[in-house]
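The values are calculated or read from the model by the stated rules, or taken from the named source; none is laboratory data. Predicted model, so just to flag it, every value in this text is computed and none were measured. Cβ sites come from the backbone with ideal geometry, for glycine too, and all protein chains shown count toward neighbours.
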């Protein structure tokens with residue numbers, strides 16, 4: 001039998017090794033680390049690998065349709081090729097390749113019956129190509145060009161600061177949903193062929209213009225998951241966005257946008273076609289307070305307004321507002337507390353169609369509010385540099401505003417988990 005003097009050094013060495021590994025796991029920037037130096041070496045040579053996971057669990061505690069829980073997840077893997085580093089080219093540009101996979105079930109569809117997705121990562125439950133693009137500056141450093149197969153929402157329609165993704169509901173996280181609900185606008189992971197141009201008018205002002213193919217049959221269609229070319233083009237959507245970024249002690253970001261979709265679509269409540277759909281939006285992220293005694297602690301206020309085509313969009317207006325507190329506690333420099341309110345307004349034409357259908361069927365139409373409303377409170381706990389845990393509470397008012405169903409207000413408890421590979 002081995003003596004205690006032989007066991008103790010081996011045991012101590014094993015404990016020291018495991019402790020070192022645990023410490024490294026808690027402090028590294030990504031879950032998989034530097035791959036023994038290979039990842040950094042490839043990055044220096046011009047090949048950068050990225051990956052992340054998000055899982056969202058939502059439990060309907062009161063109201064809605066059913067008491068139960070639903071889980072959805074999103075897995076994204078990408079690689080970027082810096083052609084300047086790889087081939088020694090001057091301003092060679094970058095190629096981005098991204099693959100996405102989504103699985104799970106919807107709390108909104110199964111448990112609550114509301115329009116604004118409770119889990120922002122639900123939808124398109126299959127593996128797909130989400131980006132194959134080429135980007136470079138052109139003629140001058142102030143002009144940036146990007147073209148290929150990509151989602152419009154990657155570059156337009158959202159706040160660059162990322163403040164809105166301190167929430168779990170898709171009504172806040174990302175972009176106003178009536179853009180994609182009432183035109184050919186596409187948000188991640190739906191991608192189409194297009195081109196985007198950014199031009200720096202000054203250090204504070206930037207103009208963004210793009211043009212994307214509109215192909216509604218490819219959205220959420222698993223048979224088109226790896227097809228870059230359109231199948232049934234209906235038109236082109238052209239967004240124009242003016243961006244202003246305020247610097248200083250209280251920084252801010254302001255976006256004013258307009259888009260036009262040339263597609264012909266059916267007018268709501270009529271058999272006639274309407275030519276062209278358009279919309280406009282205003283997005284704001286403004287710091288309103290920073291701590292003089294604790295670096296990094298600040299309070300930001302955000303606002304969203306978006307309006308779409310009255311003739312053809314079932315989702316006519318969106319209003320959103322809220323606040324996010326960064327570094328809520330001295331010992332938690334990367335945590336956040338977020339509180340938001342949103343109001344999604346159905347198109348009155350859609351309500352008239354529902355009322356007429358109910359009358360024709362001899363069914364009483366419920367007395368509903370004019371909009372679905374959302375109140376959301378979340379806490380972003382940065383467990384490690386690569387892992388975020390976000391407990392979340394959502395209160396949904398008038399969940400049946402879009403469906404025309406009389407559904408009780410719902411209280412939803414959630415947890416979002418995000419990990420960077």
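Of the residues 25, 38, 42, the single one that is surrounded by 12 or more Cβ atoms within 10 Å (Cβ to Cβ) and at pLDDT 95 or above is 42. Every condition in (1) surrounded by fewer than 16 Cβ atoms within 10 Å (Cβ to Cβ); (2) on the phi < 0 side of the Ramachandran plot is met by residue 88 except one, and the failing one is (2). Of the candidates 169, 114, 187, the single residue that is closer than 25 Å to residue 52 by Cβ and either modelled with pLDDT of 95 or more or not assigned by TED's automatic domain parsing to the domain that holds residue 336 (or both) is 169. Against the condition touching a strand residue (DSSP E or B) at 6+ places or on another chain (Cβ under 6 Å) and buried (at least 17 other Cβ atoms within 10 Å of the Cβ), how does residue 243 come out, does it pass? Judged against the criteria, residue 243 is a match. Quick check, is residue 384 touching a residue at least 40 places away in the same chain (Cβ under 8 Å), more than 23 Å from residue 319 (Cβ to Cβ) and surrounded by 15 or more Cβ atoms within 10 Å (Cβ to Cβ)? Spelling it out, residue 384 is indeed touching a residue at least 40 places away in the same chain (Cβ under 8 Å), more than 23 Å from residue 319 (Cβ to Cβ) and surrounded by 15 or more Cβ atoms within 10 Å (Cβ to Cβ). Here 64, 88 are screened, and the one residue that is out of contact with any strand residue (DSSP E or B) (no Cβ under 9 Å at 6 or more places or on another chain) and in the same structural domain as residue 126 (by TED's automatic domain parsing) is 88.
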